[in-house]
Structures are given as structure tokens and as C-alpha cells.
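Written out below as C-alpha cells is the structure these notes cover.
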Amino acid sequence: MHVNQWDGGTVDIPPLSFPRDRMADLRRRLEPLRHYEITPAKTRLGVFAQIGVACLMAAVLVAAVMLPGLLGVGAAASAGINGFNELPSSLKIAPFAQNSAIYAKKGGVEVPIASFYAQDRVNVTWNAVAQTVKDATIAAEDPRFYAEGAVDILGTVRGALSTVAGGSVQGGSSITQQYVKNVEVQQCDALTDAKAVQACYQSAAGVTLQRKVQEMRYAVGLEKVYSKNQILMGYLNVVGFGGQIYGIESAAHYYFGISASQLSLVQAATLVAILNNPSNLRIDQPKNAANGAANGYKLTKERRDYVLDRMYVNHKITAAERTAAKATPVKPTITPTTSGCATAAQYNAAFFCDYVRDVVLNDPAFGATSADRWGTLNRGGLKIYTTLNLDLQAVAQKSLSSYIPASAQGIDLGASNVSTETGTGRILTMVENRSFNNTDQAVPGTTAVNYNTDEAYGGSQGFQTGSTFKAFDLAAWLQAGHSLYESIDATHYDFPTSDFTNTCANIAGPDWQVSNDEGSAGYLSVMSATAQSVNTAFAMMATKIDLCSILNAAKGLDVHPASPNNPLNSFPSMVLGTNYLSPLTMATAYAGIANGGVVCTPVAIDRVINADGSARAVTPSKCTQGIAPNIAAGVSYALEGVLRGGGTAASANPGDGVPIMGKTGTTDNSLQNWLVTSTSKVSTATWVGNVSGSTPLRSLNFNGVGGGNVKFEIARPILQAINAAYGGAPFTQPSDAQLYGTQVTVPDVSGQTPQAAQSELQNLGLTVTIDPNQVDSSQPAGQVDSTNPSAGSRVSSGDSITIEVSNGSGAQTATPGTIPTGLVGQSVANAQSALAAAGFTNVTVKGAGRNDPNAIVTSVNPGEGSQAPTDTPVKLSTG
């Protein structure tokens with residue numbers, strides 16, 4: 001082996017050995033200095049004393065490292081070599097903290113939308129750094145870097161003496177030694193326990209003999225593994241340049257707005273100057289009295305000029321270049337890189353970015369503890385490729401913001417829209433009406449709360465969903481064996497709790513008062529009740545099934561509370577959407593319905609690449625069969641009627657031919673307003689409502705649209721853009737059993753006692769109610785006059801039948817007639833013509849097609865072929 005002499009030559013050192021008992025003696029003699037730490041002296045006598053100690057330390061260092069090699073023989077030489085060699089030599093170089101970036105697709109290209117870092121660092125390779133930087137670094141920090149070994153003995157001794165004597169700061173270590181120290185400090189920065197950090201810093205940077213000797217040993221070991229160029233590049237990537245700026249690439253971008261490969265001589269010398277004392281020489285504090293814009297960054301310029309002098313002395317620049325460079329003022333171009341989601345606002349994606357951040361901080365795939373996950377995100381140099389479609393995001397934000405302002409007088413107004421891909425759970429859009437603000441400063445029209453997500457992921461405590469919850473009522477209805485064309489008595493508004501069954505919980509309390517959004521309703525099919533969102537019909541349906549089954553159907557589709565403070569309930573009012581849920585949860589559930597009952601948990605991340613280029617495993621979407629495929633088919637079929645002519649959401653249908661289903665939702669007093677839809681490809685949830693407070697939205701106007709209908713205007717352009725991008729296929733058709741159930745013909749029970757008629761009808765599997773209000777009839781008082789639906793009607797098993805009882809007066813005077821046959825399956829217009837020809841002119845049309853003459857008739861009351869006076873009201877139902 002060899003060591004470098006001061007004149008740059010080398011001296012060969014023969015292999016040495018030494019008895020171990022002498023080594024133990026040497027360790028004993030050096031033990032008092034093991035933990036010696038230099039502290040500033042307070043008196044002149046103390047200064048001289050410390051100079052003496054420093055000289056002793058320097059002598060020990062030279063003896064331990066240099067003299068054994070120079071002497072080459074003898075006991076001291078052998079002891080020094082063996083003792084030094086027995087120290088740990090392999091420095092563990094963990095990856096430096098690097099910026100993590102979040103990406104989203106725009107025009108099919110991955111675009112960075114935000115970055116996270118504890119230290120703003122981007123590692124670069126040798127060819128990505130200007131030669132001026134390398135020359136300036138070596139000239140100023142370690143002129144003998146390429147000529148010497150790993151340890152700068154002269155610099156070490158000079159640095160120790162200068163520091164103790166209180167002189168100017170002198171470089172006391174080689175670049176290799178500085179690299180070692182910075183690597184060890186970086187390892188400390190990655191720790192999370194305060195005591196461990198303090199102990200680590202003391203070990204890595206404390207002024208002790210033991211640490212200095214160990215640093216030198218690591219440096220020697222390092223140069224056995226890495227080339228000088230690799231060590232210099234590692235040093236330039238690890239060093240700090242003030243504040244959170246680390247590494248030459250980030251320093252070049254931050255201070256001058258360029259990459260490290262573009263740095264000029266003056267710029268390179270300036271950055272190397274900052275290395276000498278980053279806290280005092282940084283040039284991003286123009287108001288700093290000692291080193292600011294007013295004095296031309298005086299301290300930094302002095303150090304920069306020193307760097308230029310050293311470059312000239314070491315023949316890296318000419319005298320003319322030095323003169324011109326020193327005449328150039330220090331002019332920074334500060335270009336900050338913001339850590340966090342604020343930069344994503346330019347893509348309308350700040351809230352989505354914050355959601356991704358929360359996903360990472362909650363996912364064990366990124367670390368076992370919360371501190372580990374924070375470190376992975378802010379130090380790991382990850383490239384996080386997300387599911388967000390920035391093109392659709394722009395459409396969604398534009399549509400939402402066109403109607404809903406960030407703030408409004410007298411109401412805490414919120415609105416959001418989120419879309420997920422069926423079958424994958426990938427989140428495609430996520431917008432809201434307010435701007436993202438996670439600072440402590442409250443600004444009107446801004447918030448840190450993501451209205452689309454659960455509380456655990458930066459969201460709210462959820463919002464009542466109104467009638468959008470009826471999708472789960474339908475699922476439970478079909479699971480219980482009922483059908484979509486069953487006739488429901490929607491005339492009741494008062495529901496005692498004793499009418500309900502709930503195997504999940506005991507229920508008690510006053511009667512449940514139910515009202516309809518559009519007034520009273522009579523008998524109608526489940527299809528019509530869904531399309532028209534008739535609350536009393538769904539309340540009646542709930543009395544025929546287990547409330548617990550409705551809750552379980554919802555849970556099967558991954559419905560869960562937005563906040564643990566608002567657990568799901570199964571009270572009767574649940575049927576109409578009183579649970580507090582997030583829009584993302586509703587979009588996920590509807591995507592499951594559209595996907596044959598297979599629900600996939602939402603995901604925001606497609607893939608993650610580690611700093612070393614390897615792929616990191618991420619938690620995938622979990623897809624489960626939430627409800628049976630045939631049940632999902634029936635629910636989708638019913639919900640398609642909502643967006644057809646006559647349905648409550650028909651105006652939101654983009655009319656592009658893509659099959660779509662969904663449901664509207666409006667809570668009491670229109671405090672919360674919803675529209676949740678899905679095609680076979682993408683589901684979307686739109687919410688507009690009160691974040692807090694209780695202002696009726698129907699009392700407000702948004703850009704010319706009433707508050708109750710604005711959700712349709714917001715959603716339509718978004719749905720149109722989504723359908724154009726993703727398309728959609730027809731939903732699976734339900735079976736006849738789900739559509740019609742077991743069909744029975746209503747018998748003619750007129751003239752019977754109510755009890756006898758009730759028994760006969762119940763034996764057919766029908767649900768029978770006796771109307772307490774008697775009617776004028778030619779039948780004897782107290783006897784059955786008729787039923788509704790009438791005799792001869794085809795109904796499903798379980799349908800509601802009402803018995804009308806005669807009061808004995810009002811003999812029939814109208815002309816007798818017969819309801820024509822063949823009306824079911826005809827258009828409304830043709831059915832009305834046939835009835836008129838038979839003398840029946842009192843005809844009303846109910847259901848989703850009540851305003852469409854081409855709608856198909858699904859049932860007639862009284863039934864086809866029934867005998868009835870021609871002035872009898874005839875009702876045509878449409879699906």
C-alpha cells in the first residue's frame with residue numbers, strides 16, 4: 001500500500017503486523033481522548049490550553065494515521081495500522097432524501113402535478129453537472145482531492161488548530177471526509193425519535209477524537225470501493241445549500257432557475273461559496289442586513305471571489321476569466337419548488353393530490369408506521385403515477401364552477417363531483433367548488449376539506465344522501481323475492497314503527513311521517529315509484545321487507561360512514577337516505593351495481609416507481625361480489641328509468657345513446673342535493689348542498705338555474721365528456737321473475753263481505769288493505785263494491801290490493817261498459833284511443849311515461865275485460 005506525501009509523491013509501505021497485547025495497551029492510552037469534545041474557551045488562558053490540546057489531538061491523529069505508514073517499521077507503526085484497520089470501514093450509504101412527485105395524465109401523457117420533500121433534492125449523474133461546478137468545488141474545498149488519499153492530513157490539523165484558536169473557518173477535511181460526514185448526517189435526518197436523532201448527530205458531527213478517527217477510517221474504506229469521480233458526485237448530491245435545498249441540481253434550479261448542467265462560471269462559484277456556510281451565505285433573503293440585496297450579498301460575494309481565486313491558482317480559469325467573474329454582481333433568480341399540493345391547483349387537482357397524500361400516509365405499503373410512511377413520501381424520491389384524468393378533470397371543474405361559486409352570502413355552500421371506473425375502482429375526476437387551502441389562515445372561498453372523501457382522507461363527516469339511497473332499498477326488495485312491476489300502495493303517509501321489521505336493531509318511537517316531493521300518489525309499480533322517486537311507495541316497500549336487509553345490501557356495496565362519529569343506522573328513515581356518506585362512497589356503490597354487483601374499492605394510484613427505478617408494490621383495489629348479479633341487473637333496470645323521459649333525472653341525460661342509470665336525491669328542505677349515475681364504464685356522483693347550516697337550496701338561484709335542479713346542469717356536460725371518452729354497453733336485462741314476479745289474476749270479490757274477500761285475496765299471495773272510507777255503490781251496504789287493482793287485473797304476488805266497501809247508496813246510473821283488452825303493451829296514445837272508443841274518457845296516465853304519448857302501457861286499472869261504468873276513472877301505468 002502507499003500514502004501520499006505532501007509534495008504529491010508516494011511512499012510504499014510494506015505490510016505490517018503487531019502483537020495484540022501491544023494493541024490493547026495503545027487503546028488504554030488513547031481512552032481518555034475517546035470522547036473529548038472541543039468547546040469554545042472563555043479566557044485567553046483557556047485558548048492557549050485548548051491550542052495545546054488541539055496540538056495533542058493533531059499529533060495523535062497523525063500518529064494514528066500517517067506516521068505508521070511513513071515509518072513503516074516498529075511497534076508504534078504496527079500498533080497504529082492495526083488499531084486503525086480494526087475500526088469499521090464500510091460506510092452504510094442509505095439513499096439520500098429526494099423529492100417525490102405525483103403524476104396525472106393529460107392528453108395521454110404523464111404530467112407532474114405536485115412534489116413532496118423534506119429536503120429539496122434531485123440526484124443527478126456526472127454528465128448532468130457543469131464542469132465549472134466540479135472545478136470550483138475541488139479548488140475551494142479540496143485542491144489535493146485527486147492527488148491525495150482519502151484523508152487530508154494537513155487540512156485536518158490546520159482545521160483543528162484554527163477552530164480552537166478562534167480564527168477563520170478553514171476546511172478541515174477532504175471532500176471524501178466531508179462526504180462521509182454528510183452521509184452520516186443524512187442518516188440522522190431520516191430518524192423520527194428525538195433522542196435517537198440527537199445521539200445520531202453527536203455521533204455523526206460531534207467534535208470528538210473518536211468520531212474524527214472513525215470518519216477518516218470510513219473515508220479510507222470508501223475510496224477502496226468508489227472512484228474519485230463517484231465520491232465527488234455523491235458529495236455534490238448530498239450537500240446542503242441553505243434551507244431545504246440539497247444537492248447541486250436543486251440548488252441550480254432554486255437559486256438560478258436552471259439545471260446544474262447549465263451553470264456558468266459565476267453561478268457555479270456562487271453555489272460553491274454557499275457551501276462554506278449555507279445558513280449565512282444563502283442568497284434567497286434579500287432583506288438580510290448582513291448579506292442581502294442592498295449590499296449585493298456582500299458575504300456571499302466575498303466567498304465567491306475566494307472560490308474564483310482558488311480556481312485561478314489551481315489553473316482552472318484564466319486571469320481574465322477571474323477578473324470578469326469577480327466584476328459580476330450576485331444576481332439570484334429564485335425559483336422555488338413548493339412541497340405539497342398547492343402546485344396541483346393549476347390542474348384543478350389540489351384536492352385529489354391531497355387525497356393521494358392521505359392514501360400514502362394511511363397505506364402500510366409505504367411503511368409500517370405513520371412516521372415511516374411520512375418519510376417514504378417526503379424522502380423516498382417516489383414517482384407516483386395516479387388514476388386522475390386531467391382532461392376530464394378540467395371539464396368537471398369548469399362545469400361545477402360555472403354554476404356553484406366558491407362562497408355565497410348567507411350559506412355555507414359546498415359542491416363536488418367525483419367519478420370512478422367500474423371494475424377497477426380507479427378515480428378519474430375529483431373536483432369541488434372551493435379552492436384548496438391547508439394553511440392556518442382562513443380565506444373565504446377556500447378550505448382544506450375534500451367534500452368528496454371520507455374524514456380519514458381529508459374529507460368531511462359526510463352528507464345525507466336522500467333518495468340516492470333507494471338503490472339499496474331496491475336491492476333488498478329484489479333479494480326478498482319481490483318484483484319491479486309489483487303494485488305499491490303509495491297513499492299512506494303515516495307509518496308506525498310497529499309496521500317495520502328490523503333484525504339489526506330494536507326500533508321504537510313515534511310514527512314516521514313521510515311526504516312526497518310532488519304531492520300525493522296512489523297505486524303504482526315499483527318501476528314508476530323509482531322513476532318518480534315516490535317516498536311513500538318506498539316507505540311502504542320497507543314495511544314488507546327487513547330493514548336490516550337494506551342496510552346489509554348497502555354494506556355489501558362498500559357503503560360505510562364518512563366519519564366514525566356518524567355510524568350507519570337502520571331506522572325506517574334510512575330508506576330515504578338519512579345516513580351521512582361521502583360522494584366517493586356513493587359513486588363506488590353505484591359502480592358496483594353497474595358492474596354486475598361486483599364492487600371495487602376506490603384507488604387513486606396506478607403504480608409507484610422508487611428512486612432506484614424499481615417498482616414499489618401498492619395496495620390494489622379490492623373487488624368483491626357485493627350483491628348477486630341478477631339483483632344488480634334488476635336494480636340497474638329500475639334506475640335506468642330515472643334518466644328516461646318522465647324520470648326525475650331525465651334532463652341530466654346527455655342523450656348520446658350510452659345506456660345510463662342513476663338516482664336523484666333531495667333531503668328535507670332541499671338542504672342536500674344529489675345525482676349519482678353510472679354507465680357500464682364509469683360512475684359519477686354530484687353533490688350540492690349545505691356544508692353546515694340549513695339553507696334550502698330551492699330558495700336559491702345559480703346562474704339562472706334553481707338550486708334544486710342545478711345538479712342536472714352540472715352533471716350533464718361531465719357525463720357527456722365521460723361517455724365520449726369511455727363509452728358504455730347495455731346493462732344486463734333482469735329476468736321475468738324480477739320484472740313481474742309470480743303473476744296472479746285479481747278475482748271478482750264484489751258482493752262478498754270484506755273479511756271473505758280479504759281471505760280470498762290473501763290466499764293468492766296478495767297484500768290486502770280494506771279502505772275505511774266506504775264508497776257509493778249499488779252493492780248492499782257493508783259489502784265489497786270493488787278492488788283496486790280491479791277484478792281481472794294481472795298483478796304480481798305480494799302486490800297491494802285495496803278493498804272498497806259499499807255504503808249502500810249511489811246506484812249505478814252511468815252507462816255500463818267493458819275495459820278493452822290488449823291495452824298493455826300498446827303506446828299510451830293507442831290505449832287512450834281504444835278506451836275512448838269504448839266510452840271511457842276519464843283516463844289518467846301515471847308513471848315515467850306520463851308525458852310521453854309513445855310510452856308503453858304496463859298495467860290498466862280497472863283491469864282489461866273488466867265491467868265498469870263508462871264514467872269510471874281509468875288509470876294507465878307506464879314503466
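The values are calculated or read from the model by the stated rules, or taken from the named source; none is laboratory data. Predicted model, so just to flag it, every value in this text is computed and none were measured. Ideal geometry is used to build each Cβ from the backbone, glycine not excepted, and the neighbour counts take in all protein chains shown.
Numerical summary
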| quantity | calculated |
| --- | --- |
| The lone exception for residue 246 - which of (1) farther than 19 Å from residue 122 by Cα; (2) buried (at least 24 other Cβ atoms within 10 Å of the Cβ) it fails | (1) |
| Only one of 275, 281 that is buried (at least 17 other Cβ atoms within 10 Å of the Cβ) and in contact (Cβ under 8 Å) with a residue 60 or more places away in the chain | 275 |
| In segment 825-842, residue modelled with the lowest pLDDT [restricted to those that are surrounded by fewer than 22 Cβ atoms within 10 Å (Cβ to Cβ) and closer than 27 Å to residue 637 by Cβ] | 825 |
| Hits in segment 212-251 - residues which are free of Cβ contacts under 8 Å to residues at least 24 places away in the same chain and in contact with a strand residue (DSSP E or B) (Cβ under 9 Å, 6 or more places away or on another chain) | 251 |
| Residue match in segment 549-559 (condition: under 29 Å from residue 770 (Cβ atoms), of a type outside the set (D, E, K, R) and under 39 Å from the mean Cα position of the chain (by Cα)) | yes |
| Test: residue in segment 859-873 that is at pLDDT below 90, part of a strand (DSSP E or B), over 22 Å from residue 490 (Cβ atoms) and small (Gly, Ala, Ser) | yes |
| Residue in segment 300-313 that is modelled with pLDDT of 95 or more, crowded, with 23+ Cβ neighbours inside 10 Å, of a type outside the set (S, T, N, Q) and at positive phi present | no |
| Test for residue 797: is it surrounded by fewer than 19 Cβ atoms within 10 Å (Cβ to Cβ), touching a Ser or Thr at 6+ places or on another chain (Cβ under 8 Å), more than 30 Å from residue 393 (Cα to Cα) and of a type in the set (Gly, Ala, Ser) | yes |
| Conditions (1) within 14 Å of the chain's Cα centre (by Cα); (2) under 13 Å from residue 686 (Cα atoms): number failed by residue 433 | (1) |
| Subset of segment 471-513 (residues that are of a type in the set (Val, Ile, Thr) and surrounded by fewer than 22 Cβ atoms within 10 Å (Cβ to Cβ)) | 491, 497, 501, 503, 507 |
| Residues of segment 190-215 satisfying the condition of being part of a loop (DSSP other than H, G, I, E, B) and within 24 Å of residue 373 (Cβ to Cβ) | 190, 191, 192, 193 |
| When residues of segment 677-725 are limited to those that are among the hydroxyl-bearing types (Ser, Thr, Tyr) and without any contact (Cβ under 8 Å) to a residue 60 or more places away in the chain, the one nearest to residue 640 (Cα to Cα) | 699 |
